[in-house]
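Just so it is clear, none of the values below were taken in a lab; they were calculated from the coordinates. The structure displayed is predicted, hence computed values, not measured ones. We place every Cβ from the backbone using ideal geometry, glycine too, and count neighbours over all the protein chains shown.
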Amino acid sequence: MSLEQKRILVTPIPGPTSTKMQERRKEVIAAGVGTLLPIFIDEAHGAIMKDVDGNQLIDMGSGIGVVTIGHTNQRVVEAVQNQVAKLTHTLFTVAPYEPYVRVGELLVKHAPGNFKKKAAFFNSGAEAVENAVKIARKATGRTEIAVFDHAYHGRTNLTMSMNFKMHPYGTGFGPLAGSVHHAPMSYPFRDSEGMTGEEAATRAITYLEKRVGATQLAAVFIEPIQGEGGFIVPAPGFLRTLGSWCRANGIVMVADEVQSGIARTGKWFACEWEEGFEPDLITVAKGIAGGMPLSGVVGRAEIMDASHAGGLGGTFGGSPTATAAGVAVLEQLEEGGWLERALEIEALLYSRLNDLKSSHPVIGDVRGKGAMVAIELVEPGTKKPNPPAVEALVKHCHENGVLILNAGTYNNVIRFLPPLAITDELLTDALDVLAAGLAKLA
């Protein structure tokens, strides 16, 4: 677990060995499993990934927010090694084991809300979302689910129905699940100038009351900061107003924190940034287990307990190794320093990106929280989306050893999700490469 935390290029990207491996891949791996960056990673540590050709790349994506505390975090590796040597599987609902309970204790302790909470664990973010739907329907006796424009919730049949953008996640995979309704989101960069969060929430509530009816809704799902949608941060007051309406109408308010949770934004959960907003349920995954497949739902005990025994679970959900990794992650977060580091990363990103925005009118907006920040690219002088600029910048960064990710409903957003373990020097180097790409665009 020792890689020099430095960007090193020894071959073009992709290198010859990666290129050969891509040919092997094409022979046996389904075409639907796409690749953003056609290199093969051999090892990784901290914020550096080393490919099979010896190139070392700065990871500004963290596996799309998964290795929040860094690649091959020592305590996570040790926890997995120790656990896998002791017990790999029983299925918790057949014969339970302690790490599942311990990670539940930690998650319940740090989830927001002044009420008794309980948790349940699964494998993926989409699985957590689907189980939250099940729990909400069981608890309320209602069927309808509300989601928001620009949302992303997963690739299963139900979560594809909950997504806003059809391609590539749902194209040709229908018919999709019913009883899902999309409401307008607060999008400050594109909303009417001066629209407040309360006004945007009233717009969404009015739509849902007229289109669905409050008494029909089991749950409202929202990402406190939208991920795939382009790191859209709703205007202050939007989440609070929405939550108050849900509470007044017996609707389960669900915060999908699969990408934004677990210290990513400088708080344990992104929803904590909105004063007075307490979701009934929160879905988690990605950063909770340092790279191991673990997801969960945590929330009000009386809602979580609504399901009958056997209604929740799954063969591999909350496996011994994954929950052991989760304990290692959450205990480190609890010890301190990580939330503060997320805010330090935010300050560095905002300072540099806003400087670039002032000199490059192709950057229309800089937004986000903590180590979850994005730039939205536009045609200069307008708010018209500029996907070609994103494509060119991503290509430039990849060729120069910096992994960045695109996003956004209009394919015109670049998102930055660096590991909290990244050094200021690496972050500065990555942004220097981005700046050089912007200069080429100009």
Margin query: Can you say what percent of the DSSP beta bridges in the chain, counting only those with both residues inside, are antiparallel? Round to 5.
Written below: 65 percent
Note to self: Cut-off 10 angstrom, C-alpha nodes, Gaussian network model of the chain. Which of Ala309, Ala200, Ala111 fluctuates the most?
What the structure shows: Ala309
Check: Sequence-distant or interchain residues sharing an amide H contact under 5 Å with Glu144, placed H: which?
Finding: Ala218
Next item on the list: Just list whichever of Lys6/Lys395; Lys165/Lys267; Lys6/Lys26; Lys286/Lys384; Lys165/Lys384; Lys165/Lys286 have alpha carbons separated by over 24 Å in the model shown.
Entry: Lys165/Lys267; Lys6/Lys26; Lys286/Lys384
Notebook entry, point to check: Given Val390, Ala374, Ala204, which one lies farthest toward the positive end of the charge dipole of the chain, if we put +1 on the Cβ of every Lys and Arg and -1 on the Cβ of every Asp and Glu?
Noted result: Ala204
Check: Quick one: Kirkwood hydrodynamic radius for the stretch 25-165, alpha-carbon pairs, angstrom, one decimal?
Finding: 19.1 Å
